[in-house]
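In what follows, a single structure is set out as structure tokens and then discussed.
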Amino acid sequence: MGQRVMITGISRHLSAKLAQRLEGDPAIEYLIGVDTEEPEYDLERTEFVRADIKNPLILKVMETAEVDTLVHLNVIATPTRVGGRSAMKEINVMGSLQLLAAAHKSDRLRKVVVKSTTAIYGATARDPAVFAESMAMESAPVTGYAKDSVEVEQAARDFGRRRKDVVTTILRFANFMGSEIETPLTRYFSLPVVPTAMGYDPRIQFVHEDDAVEVLRRATVEDHPGIYNVAADGVLLLSQAIRICGKFALPVALPLAAPLAGVMRRIGLVDFPRDQLQFLVYGRVADNARMKHRFGFHPAYTTREALEEFVAGQRFQRFVTPERAERWQQDVYDYLRRKARREAEV
């Protein structure tokens, strides 16, 4: 019999892309995609099952489908889409705990792949130049997506210790970039003028969506136990990235960054969670040596090339006149001053 694979979060871009790639592999006998929403992509061999991973019945789904490989990608970064932070935590943490509890009871299961993020390393002024997988985190995230990912990783490691017969792989992805995927960061770089923290120019790192899908595919069809940073070679300064996108930067005083992010979130420009703003202040770079030498994967795109492919694929208007940028900047400052006055009057 061939491999029988379950992918969670099949309605999302990365999950669907992985399913499409696995569908072309004759060694994959059966594919099942689980989510509460239907996938937005055309899938030929993947059977969709509308199911909630928080429901204990997920074990029945796994047993009925005779799943031997579980790929857990239903860990989300943006709370707005799912109805707020509480709902997001329910999906990320409680959903993962329930799913892994079900996996623990499955006798047929032989492999578990879990999507994580380099955001678990945090982003502070005290950070090392490069984060390696073996480094202990000095300041573990205490809120939001990064904190959820820390808890999901802990649950996955606990599962791996209890089920030593199962190959457990944890993939810590850098920020995704590419012309097809939409993330808070791709929307951020699509703004007509890009807000930045005044006086800061952080180092940033991406992984191209195609490289991310290929790493997931290899983790699914090959055995790669352990934890791996999945990131492209090279880094960019935020100012360089903005110039590559053909945009103007809008320097904002650090105390005003969170209020501005709130404004942009409310008017639908960018759903950038407040807990991830530190990344745009201090940056973050992960070491990908283990991915290359132990996992055996060399990214096709560098950080710069991933961003350039995004820019080429988006075909957005790359030139904004200084006059237009100045007007947009003035509108933002006017709003922030009005907000400060209202808060002072309360």
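The values are calculated or read from the model by the stated rules, or taken from the named source; none is laboratory data. Remember, it's a predicted structure, so these values are computed and weren't measured experimentally. All Cβ positions, glycine included, derive from the backbone under ideal geometry; neighbour counts span all protein chains shown.
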Checking Leu97, Leu43, Leu59 in turn, the sole residue that is without any contact (Cβ under 8 Å) to a residue 60 or more places away in the chain, more than 30 Å from Lys164 (Cβ to Cβ) and among the hydrophobic types (A, V, I, L, M, F, W, C) turns out to be Leu43
Within segment 10-26, considering residues that are assigned to a helix (DSSP H, G or I) and touching a Phe, Trp or Tyr at 6+ places or on another chain (Cβ under 7 Å), the one surrounded by the most Cβ atoms within 10 Å (Cβ to Cβ)
Ala16
Report yes if Tyr200 is part of a loop (DSSP other than H, G, I, E, B) and either farther than 14 Å from Arg284 by Cβ or in contact (Cβ under 8 Å) with a residue 40 or more places away in the chain (or both), otherwise no.
yes
Residue hits (segment 98-130; over 17 Å from the mean Cα position of the chain (by Cα) and farther than 30 Å from Gly2 by Cβ) are Thr124, Ala125, Arg126, Asp127, Pro128, Ala129, Val130
Matching residues in segment 187-197 - criterion: being of a type outside the set (Gly, Ala, Ser) and either part of a strand (DSSP E or B) or within 23 Å of Val130 (Cα to Cα) (or both):
Val193, Val194, Pro195, Thr196
List every residue pair whose Cβ atoms sit under 6 Å apart, with the two residues 6 or more apart in sequence or on different chains, where the first one lies in segment 278-303 and is over 29 Å from Thr143 (Cα atoms) and the second, anywhere, is assigned to a loop (DSSP other than H, G, I, E, B) and among the acidic types (Asp, Glu).
Thr302/Asp233
Can you find, within segment 100-112, the residue that is farthest from Tyr145 (Cα to Cα) among those that are free of Cβ contacts under 8 Å to residues at least 60 places away in the same chain and part of a helix (DSSP H, G or I)?
His104
Given the criterion of a type in the set (A, V, I, L, M) and out of contact with any strand residue (DSSP E or B) (no Cβ under 8 Å at 6 or more places or on another chain), identify the matching residue among Ala132, Ala155.
Ala155
Count of segment 69-88 residues which are at negative phi and either surrounded by fewer than 20 Cβ atoms within 10 Å (Cβ to Cβ) or part of a loop (DSSP other than H, G, I, E, B) (or both):
13
In segment 71-121, which residues are under 22 Å from Ala219 (Cα atoms) and of a type in the set (Asp, Glu)?
Asp107
Options Ala156, Ala146: the member that is closer than 13 Å to Pro225 by Cα, surrounded by 19 or more Cβ atoms within 10 Å (Cβ to Cβ) and not charged (D, E, K, R)
Ala156
With the condition kept exactly as written, say whether any residue in segment 231-247 is of a type in the set (Lys, Arg) and in contact with a strand residue (DSSP E or B) (Cβ under 9 Å, 6 or more places away or on another chain).
yes
Expected output for segment 145-160 (first residue basic (Lys, Arg), partner crowded, with 19+ Cβ neighbours inside 10 Å, Cβ below 8 Å, 6+ apart or cross-chain) is Lys147/Pro141; Lys147/Asp275; Arg157/Thr168; Arg157/Ile170
Given the residues Glu29, Glu44, which is the only one that is of a type in the set (Asp, Glu) and assigned to a loop (DSSP other than H, G, I, E, B)?
Glu44
Could you grab me the full set of residues in segment 220-237 that are more than 15 Å from Glu309 (Cβ to Cβ) and either β-branched (Val, Ile, Thr) or within 17 Å of the chain's Cα centre (by Cα) (or both)?
Thr220, Val221, Ile227, Tyr228, Asn229, Val230, Ala231, Val235
Which numbered condition Glu66 fails, given (1) buried (at least 17 other Cβ atoms within 10 Å of the Cβ); (2) at positive phi
(1)
So Glu44 clears everything in (1) closer than 25 Å to Glu222 by Cβ; (2) touching a helix residue (DSSP H, G or I) at 6+ places or on another chain (Cβ under 8 Å); (3) among the charged types (D, E, K, R); (4) buried (at least 18 other Cβ atoms within 10 Å of the Cβ) except one condition, right? Which one?
(4)
Residue check for Ile32: modelled with pLDDT under 95 and β-branched (Val, Ile, Thr)
no
Kindly evaluate Phe189 against the criterion of being touching a Cys at 6+ places or on another chain (Cβ under 6 Å) and either surrounded by fewer than 17 Cβ atoms within 10 Å (Cβ to Cβ) or touching a residue at least 12 places away in the same chain (Cβ under 8 Å) (or both).
yes
